[in-house]
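What follows is a single structure, written as structure tokens, with notes after it.
Nothing in this text is a laboratory measurement; each read-out follows from the coordinates by a stated rule. If you're wondering where the values come from, they're calculated on a predicted model, not measured in any experiment. Positions of Cβ are generated from backbone atoms using ideal geometry, with glycine treated the same way; all protein chains shown enter the neighbour counts.
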Amino acid sequence: MEARGFEYVDAGAEREAIERTVAAVETDTTPHVAVVGEPYAGRAALLDHAASLLAESVRVSLADPVDEPVELPDAPAVVVDDCQYLYTRSVDGFDPLAAFADDLVDGERLFVTGWNRQAWNYLTAVRDVDELFAATVEVPGLSADATEQFLTENHDGSLPEFAESEHPTGHAEDAPALSLPGGRSIPLPAVSLAAVGDALGSDDPDDVRARVFETVADRSGGNPTVAWALWNAAIEDDTVSPARVRASVPEVSLNDADAFTLVVVLTNEEVPAARLESIVGGREYRRSLRRLRQQELVTVTDGRVSIRPAAVPSATAFLSRRRLVW
């Protein structure tokens with residue numbers, strides 16, 4: 001998946017872990033490396049680093065979920081990205097992964113592999129895939145300071161005005177109400193705790209600016225591509241606020257069938273629509289895809305369904321609460 005902003009991530013420790021593992025290839029019986037990260041987090045950058053250390057390496061990127069074992073190059077070192085495509089949650093869907101595991105165990109080649117984090121956690125739980133690797137390297141995220149640096153240095157034009165735009169009270173339709181005789185009621189003010197926190201902060205522009213970038217860093221989980229998406233979505237009329245950043249994160253409310261469809265998209269990151277339909281089932285697929293698009297969780301482009309960058313945190317949190325991802 002295309003990522004941006006990874007050059008602002010401090011990945012020194014992760015690069016060193018890859019270097020140590022590669023250097024030990026002649027003494028380690030299972031020298032393979034797994035690079036694990038969220039969608040759009042920058043796995044490819046760490047795989048690029050691994051490839052640069054291996055003079056005779058061959059780079060392979062899996063483009064779609066596979067049904068048959070993958071024919072891998074006969075090279076001393078193979079760098080493979082998007083290994084989540086090696087399985088599907090279907091009958092015989094793990095056969096390509098099993099064949100790939102045999103290559104790792106039986107061969108004398110070094111494999112450096114990239115994995116979607118949710119797929120990796122699932123496969124570790126049900127297939128012990130982590131036992132095939134000498135090192136597991138988690139893709140790090142942006143710090144709060146690095147988030148601000150990344151966004152300000154890459155913003156097109158002058159920065160927006162930093163301002164508060166949400167009052168801590170309101171009269172939402174679902175707000176509590178005071179019941180009166182005769183069936184009448186009086187709506188009570190609905191308190192936004194997040195907005196209260198903003199209101200208690202200083203009105204100093206520098207303080208508001210700091211809260212905006214802290215909110216982006218927190219809601220994006222340090223994922224630079226997600227941070228970029230939230231930042232741009234939160235700018236309205238050349239103004240940005242903590243409240244608008246929070247509002248840029250899609251809310252998720254799905255039934256079981258829709259949640260399963262979201263699992264497939266999130267763990268694959270991008271999947272051909274026809275393949276997604278075959279996994280989910282035609283009737284449920286059409287209904288679920290409509291709901292996912294209505295909630296701004298996925299996009300459909302050129303016959304491919306992708307998780308939206310801004311939706312990665314809320315989709316992951318929702319599916320975690322449902323115990324559908326770990």
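Averaging the Cα positions of each part gives two centres, and for the range 230-292 and the range 1-80 these lie 28 Å apart.
Counting charges near L123 (Lys, Arg +1; Asp, Glu -1) among other residues having Cβ under 13 Å from its Cβ returns a value of 0. Calculated on the Cα set of the chain, radius of gyration then Dmax: 22.8, 84 Å. Charged side chains reduced to their Cβ positions (Lys and Arg at +1, Asp and Glu at -1) give the chain a dipole of some 1500 debye around its Cα centre. Largest GNM mean-square fluctuation among T316, T152, T88, using the chain with Cα springs under 10 Å: T152.
Between A98 and E236, take the C-beta separation as r, use R0 = 51 Å, and let me know the FRET efficiency to the nearest 0.05. Between A98 and E236 the formula returns 0.55. For the range 6-138, averaging the sequence separation of C-alpha pairs within contact (under 8 Å, six or more residues apart) and dividing by the residue count gives a relative contact order of 35 percent. A simple spin-label model places the labels of E7 and L159 2.0 nm from each other, with each point 7 Å out along Cα-to-Cβ. Between R15 and R323, the contour length at 0.36 nm per residue exceeds the Cα-Cα span by 107.7 nm. Taking the simple approach of a point 7 Å from Cα along Cα-to-Cβ for both D128 and A23, what is their distance in nm? Label-label distance for D128 and A23, simple model: 3.1 nm. Rounded to the nearest 500, the helix-only mean residue ellipticity at 222 nm of the chain stands at -13000 deg cm²/dmol, with each DSSP H run of n ≥ 4 adding -39,500 (n - 2.57). Over the range 6-138, the reciprocal of the mean inverse Cα-Cα separation, the Kirkwood hydrodynamic radius, stands at 14.9 Å. Per residue, the average separation of C-alpha pairs within less than 8 Å and at least 6 apart gives the chain a relative contact order of 18 percent. Beta bridges from DSSP with both residues in the chain: antiparallel share about 40 percent, rounded to the nearest 5.
Give me the one-decimal nm value for the distance between modelled label points at A51 and D204, 7 Å along each residue's Cα-to-Cβ direction. So the two model labels end up 4.8 nm from each other.
From most to least packed by mean Cβ count within 10 Å, the peptides 128-135, 224-231 give 224-231, 128-135. For A75 and S253, a Förster radius of 35 Å and the Cβ-Cβ distance give a FRET efficiency of 0.15, rounded to the nearest 0.05.
Its convex hull of Cα atoms gives the range 256-321 a direction-averaged projected area, equal to a quarter of the hull surface, of 3.9 nm². For T239, nonlocal amide neighbours, meaning residues 5 or more places apart or on other chains whose placed amide H falls under 5 Å from its own, are E161. Between D145 and D106, full extension at 0.36 nm per residue minus the direct alpha carbon distance yields a gain of 9.5 nm.
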